[in-house]
Protein chains: 2
Amino acid sequence: MASVKAPQTRAISAYGYEQAKALTFAKYGEPADVLRLHTHSISPAHSTNLTVRFLASPINPADINQVQGIYPSKPAFTTSLGTTEPIAVGGNEGVAEVISTGSGVKGLQKGDWVIMKSPGFGTWRTHAQSASADNFLRIENKEGLTPHQVGTVSVNPCTAYRMLKDFADMNAGDWFIQNGANSGVGRAAIQLGKLWGYKSINVVRARDSGMEELKADLKGVGADVVVTDEEVQSKEFMARVNEWTNGGREHVKLGLNCVGGKLATSMAKALSSEGHLVTYGAMSKQPVQLPAPLLIFKNIHFDGFWVSKWSDSNPVQKKETVNHVLNLIREGKFKDVPMQEVKWDWNTEQETLVDAVSGTLQGFRKGKGIFVFGET
Amino acid sequence: MASVKAPQTRAISAYGYEQAKALTFAKYGEPADVLRLHTHSISPAHSTNLTVRFLASPINPADINQVQGIYPSKPAFTTSLGTTEPIAVGGNEGVAEVISTGSGVKGLQKGDWVIMKSPGFGTWRTHAQSASADNFLRIENKEGLTPHQVGTVSVNPCTAYRMLKDFADMNAGDWFIQNGANSGVGRAAIQLGKLWGYKSINVVRARDSGMEELKADLKGVGADVVVTDEEVQSKEFMARVNEWTNGGREHVKLGLNCVGGKLATSMAKALSSEGHLVTYGAMSKQPVQLPAPLLIFKNIHFDGFWVSKWSDSNPVQKKETVNHVLNLIREGKFKDVPMQEVKWDWNTEQETLVDAVSGTLQGFRKGKGIFVFGET
């Protein structure tokens, strides 16, 4: 009996060649100018090769910076996708399903879900072949998880998790303050912090409308206090921090900063002595200004965190962190960030995909952009 | 037979009262405006009291800031020196000799040399009485040491010592870069670093004359490279650092900053990945500016160091550090900084003493100001 499914226009060749599409660039520039949807074929997996089919790949701000050429980790440009000019595949995070393995592949089999062990693999594509299973981290138990959840666990939740754990000596009852509280990292920090008993002061950009909804939304996932960037920089802010923290008896040991500029300085002032301000982004493009007395007399430490470098240096810890977060998701203790799905089927046009990438750095978004692969 | 010594005009009363003078202030302000030479008498030591006679007390820049009221640690204002208005005694560092002890004093006896365990005691005075021996750290072996050396060991050499030891993982062959290289801390860092096998890039203020002498002077105590602040901020500086450090194969793991502003940012850029910039002063009064990529992608850490707080929190380690430096001095391995002596006899006028304090923050000095007590 004939299937009711629409006929697919793509074909797998008689020799087992897989047809694939990838969002690629041959030179750095604005996504709209340089991204091209490239079609190529993938040979059957043999020896230690394996072929994967992507299920979901988010669009992170750092991915855009990488396409623009202003990100310190550079992608690999290669002619192995059948071009004369070397090209790179965009994207650094995602989840894929193993669809075939060479006879020499150990530890992974058809049907397994994998995420990237390190950035740089190129995840904005329907299929990929890897020379080795070493590029992937196997999801030990995919039950109860969606591709959306698994595909976005590596960057934002891991960043929030390690920043909360690895800098200040945080104990239940301690506070942290963060800007970009509405971001993927921000929401992950609120939730993880709450699970571990930390209280949070959450800074979001002031906006003309929707402020009350946003506050309610963040409080719904566990935020103790939500304030605007303008409030943080007001004269009254220190007095308010003092109120929230029981006259300073509860310590604000940690600040998480993805904005920079004067806002970061104001946040540093709200930290208790010996506190840490950890910078993981610079949305304002302004440097962090450190009045010397904060450094010398309050002994505030200023550090940075880059999940890419951390992942490369701590592969075992990365696996543990990912598994811990996935378990929390499975147990219903950790909610997804709001996402804006971009469906990627075989027939999806280049323009649709490029628009999704280009829109990521602009203004207030309804959620995190994520490619979700359908009929590929 | 009569002594040839000039007759002293001061008297010790029949009841053992000691006459003392102290450089004091009743309110914060510029040293010339607020410092007064105050004469008072000290009762005989009894129970756990002990009386000391100062031998040498330096004038540190932080002491001036304390008189100005802009230093975070405030001195104790008291009426115990016989005034109706509470006054504080200036100075935070120095060496004194025990001249009498109450019967309840343990661990200290007449003739012992002591330094202050913590700042805040007030060292710009001929004599002092302390309610307890706990304020003092006994010099175990004063043989071969001058009061100048012992009186200046607590602040500058301890600051340099702990900054070199406690922030970066420094090994023989590693580099550090520091500004204010001609200061007490700077010269101590050069010498201690050299003893431990560290190489140093030393930044001094550009000057119209005497540059070659200064370079030779600092190289004489162990500096590997001496450069001006202007050179550090030039485009070619990174290439020069690269040359000195064998193409970057030798790492610049540590920066010591007492200036701030753009100079500190330039120094941070010269650090290797994972480096630490430790701020212990802010001579430029400009904040340290941290471009986010230095924090995030190079993982440079920005810390502060305050020897006062460190001393209070680490009394045992302070004693060890002081003893280690004093041993190095005794063995001829650690040279005094150049000093500008201000002799303080019983008859020395207030104006002479106040002028010495006022001059400390001004321009290029021939050496560190230090009160050396004679006939008191």
(Q) At a 10 angstrom cut-off on C-beta neighbours, averaged per residue, how do the peptides B:93-100, B:280-287 rank from highest to lowest? (A) B:93-100, B:280-287
Q. Helix B:184-195: angle to the longest alpha-carbon principal axis of chain B, degrees 0 to 90, nearest 10?
A. 60 degrees
**Q.** Size of electric dipole in chain B: Cβ of Lys, Arg +1 and of Asp, Glu -1, about Cα centre, debye, nearest 20
**A.** 360 debye
Q. Between B:Thr84 and B:Glu231, how many nm apart are label points set 7 Å from Cα along the C-beta direction?
A. 6.1 nm
Q: Partner chain Cβ atoms within 10 Å, averaged over the residues of B:296-308 - can you pull that number for me?
A: 6
Q.
Given all pairs of different Cα atoms, what value in angstroms does the Kirkwood hydrodynamic radius of the stretch A:230-376 take?
A. 18.9 Å
Q. Could you work out Rg/(2.2 N^0.38 Å) for the stretch B:181-225, with Rg from alpha carbons only?
A. 1.08
Q | Sorted peptide list for B:332-343, B:145-156, criterion being average Cβ within 10 angstrom, highest first | A | B:145-156, B:332-343
**Q.** Counting all C-alpha pairs of the stretch A:91-169, share separated by more than 18 Å (%)
**A.** 45 percent
**Q.** Of A:Pro338, A:Ser358, A:Val153, farthest towards positive along the dipole that unit charges on Lys, Arg, Asp, Glu beta carbons give chain A
**A.** A:Val153
Q | Unit charges at the beta carbon, dipole of chain B: most positive-side option, B:Ala282, B:Leu50, B:Asn257 | A | B:Leu50
Q. Charges only on Cβ, +1 for Lys and Arg, -1 for Asp and Glu: so what's the dipole of the stretch A:126-276 about the Cα centre, in debye to the nearest 20?
A. 100 debye
Q. Tell me, what are the semi-axes, in whole angstrom and largest first, of the equivalent ellipsoid of chain B as set by the roots of 5 times the Cα gyration tensor eigenvalues?
A. 41, 21, 19
(Q) Only counting other Cβ atoms within 10 Å, I'd like B:Trp344, A:Trp244 sorted with the fewest neighbours first. (A) A:Trp244, B:Trp344
Q.
Past the 24 angstrom mark, what percentage of all C-alpha to C-alpha distances in the stretch B:102-241 do you count?
A. 47 percent
**Q.** Order of B:Arg53, B:Arg187, B:Arg207 under a 10 Å beta carbon neighbour criterion, fewest first
**A.** B:Arg207, B:Arg53, B:Arg187
Q. Which whole-number percentage describes the relative contact order of chain A, with Cα contacts under 8 Å and a sequence gap of 6 or more?
A. 16 percent
Q: Report the dimensions of the stretch B:60-103 along its three principal axes from the alpha-carbon atoms, largest first, rounded to Å.
A: 40, 28, 12
Q: Using DSSP, restrict attention to beta bridges with both residues in chain A and report what percent are antiparallel, rounded to the nearest 5.
A: 55 percent
Q: Report ³J(HN,Hα) in whole Hz for each residue of the stretch B:219-230, in order, from the Karplus equation J = 6.51 cos²θ - 1.76 cosθ + 1.60 where θ = phi - 60°; Gly and Pro get x.
A: 5, x, 8, x, 5, 7, 9, 10, 9, 8, 4, 5
**Q.** Rounded Å value of the spacing that divides the Cα centres of the stretch A:296-322 and the stretch B:189-230
**A.** 35 Å
Q: Ignore the peptide's own chain and count Cβ atoms of other chains within 10 Å of each Cβ in B:280-293; give me the average, rounded.
A: 6
(Q) Return the equivalent ellipsoid semi-axes of the protein assembly as shown as a descending list in whole Å, where each equals the square root of 5 times an eigenvalue of the C-alpha gyration tensor. (A) 64, 28, 21
Q | In Hz, Karplus ³J(HN,Hα) per residue of the stretch B:311-323 (6.51, -1.76, 1.60; θ = phi - 60°; x = Gly, Pro) | A | 4, 5, 8, 9, x, 5, 5, 4, 4, 4, 5, 4, 5
Q) Amide H of A:Val227: which non-local residues (sequence gap of 5 or more, or other chain) have their own amide H closer than 5 Å, using H built in the peptide plane? A) A:Asn202, A:Val203, A:Val204
Q: Assuming 0.692 mPa s and 37 °C, estimate D for the stretch A:23-113 with Stokes-Einstein, Rh taken as the Kirkwood radius over Cα pairs, in µm²/s.
A: 225 µm²/s
Q | Cα lying deepest toward the dipole's positive end in chain A, options A:Ala62, A:Gly210, A:Met116, charges on Cβ | A | A:Met116
Q) Which residues' amide hydrogens lie under 5 Å from the amide hydrogen of A:Thr123, considering only partners 5 or more residues apart or on another chain, with H built in the peptide plane? A) A:Gly91, A:Asn92, A:Glu93
Q) Given H placed 1.01 Å from N in the peptide plane, which residues other than close sequence neighbours of B:Thr78 have an amide H under 5 Å from its amide H? A) B:Ile87, B:Ala88
Q) How long are the semi-axes of the ellipsoid equivalent to the stretch B:156-308, from square roots of 5 times the Cα gyration tensor eigenvalues, in whole Å, largest first? A) 20, 17, 17
Q) Which ³J(HN,Hα) values in Hz, rounded to whole numbers, follow from the phi angles of the stretch B:197-203 under the Karplus curve 6.51 cos²θ - 1.76 cosθ + 1.60, where θ = phi - 60° and Gly and Pro get x? A) x, 8, 9, 9, 9, 10, 9
Q.
Compute, for the protein assembly as shown, the length of the dipole vector about the Cα centre, with Cβ point charges of +1 (Lys, Arg) and -1 (Asp, Glu) only. Units Debye, rounded to 20.
A. 640 debye
Q) When a footprinting reagent is the concern and you count Cβ atoms within 10 Å, what order do B:Tyr198, B:Tyr28 take, fewest first? A) B:Tyr28, B:Tyr198
Q: Mind checking which lysines have their Cα closer than 22 Å to the Cα of A:Lys269? Skip sequence neighbours fewer than 8 apart in that chain.
A: A:Lys165, A:Lys199, A:Lys235, A:Lys253, A:Lys285, A:Lys298, B:Lys74, B:Lys262, B:Lys285, B:Lys309
Q. Considering every residue in A:68-78, what mean count of other chain Cβ atoms within 10 Å of its Cβ is obtained?
A. 1
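We did not get these values from a lab; they are worked out from the coordinates using the rules stated. Quick caveat: nothing in here was measured; it's all calculated off a predicted structure. In this analysis, Cβ positions are derived from the backbone assuming ideal geometry, glycine residues included, and neighbour counts consider all displayed protein chains.
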